[in-house]
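Data block below; observations after.
The values are calculated or read from the model by the stated rules, or taken from the named source; none is laboratory data. It should be emphasised that the depicted structure is a prediction, and the values quoted were computed from it without experimental measurement. Note: ideal-geometry Cβ built from the backbone for every residue, glycine included; neighbour counts use all protein chains shown. Note: accessible area is taken over every heavy atom of the protein model, side chains too, but ligands, DNA and RNA are not part of it. Shrake-Rupley method; radii C 1.70, N 1.55, O 1.52, S 1.80 Å.
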Amino acid sequence: MTALTPNEAKHVLELQGKEISIPPRFTSIENYAFRELPITKIKIPRTIKYIGDEAFSSTELTSIDIPNSVTKIGKEPFSWSKISQISIGKVIESGFQQSTHSNPQQDSQRVFYGIPLNKVVIKKGTKGIGHAAFYNTDFHNFDVDIPNSVKTIGDFAFHGAAITSIKLPNK
């Protein structure tokens, strides 16, 4: 397993500039890897399985596509970034820990905390939305379309999010 460290992330930034394509030799993105770096675009390869704590926090990213290869995500990986559009799949099934407290703040990864989302694409084939997945996300009054493949939605999944409407699966 080859992890992309903060030092390697800085090196990739120096080589590629603000629009980064993570080399496929990496299988994980370590905690704080791109934190506060001036990146504006990122391509995450299908070799990545894990995104660490605050990996993209406080960046200039405006959108991100998380491939289905990502199966686990750390705490607040995108916090305080400028991401407004996200495409996400299987990680929202198992990448979030389940509730062990009545207060979701105590054990939530707050994955999308403090970011101004206005578009979320939950990929077809996603089977569930985990505990507190979008807890206190700064949605800008928009609709969420949940694909028919989603069978479970965890506790507090959309707690505190300003959503106009949610289209639930047919079954």
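Details
- If the segment from M1 to E60 were pulled out straight at 0.36 nm per residue, it would be longer than the present Cα-Cα gap by 18.5 nm.
- Computed over the chain, the percent of Cα pairs more than 20 Å apart is 48.
- For the range 54-60, Karplus couplings with θ = phi - 60° (6.51, -1.76, 1.60), whole Hz, Gly/Pro x: 6, 4, 10, 5, 6, 9, 9
- Residues with amide H under 5 Å from that of I20, placed H, sequence gap 5 or more: T40, K41, I42, K43
- Residues with amide H under 5 Å from that of I146, placed H, sequence gap 5 or more: K167
- Helical runs (DSSP H, four residues minimum) scored at -39500 (n - 2.57) apiece and divided by the length of the chain put the mean residue ellipticity at 222 nm at -2500 deg cm²/dmol.
- Accessible surface of the chain, 1.4 Å probe, proportion on carbon and sulfur as whole %: 48
- Ranked by the mean number of other Cβ atoms within 10 Å of their residues, highest first, the peptides 118-125, 32-39 fall in the order 32-39, 118-125.
- Checked against a 25 Å cut-off, the cross-linked pairs K18/K124; K43/K123; K10/K90 give Cα-Cα distances beyond that limit for K18/K124; K10/K90.
- GNM on the chain, alpha-carbon springs under 10 angstrom: the most fluctuating residue among S63, S21, S81 is S21.
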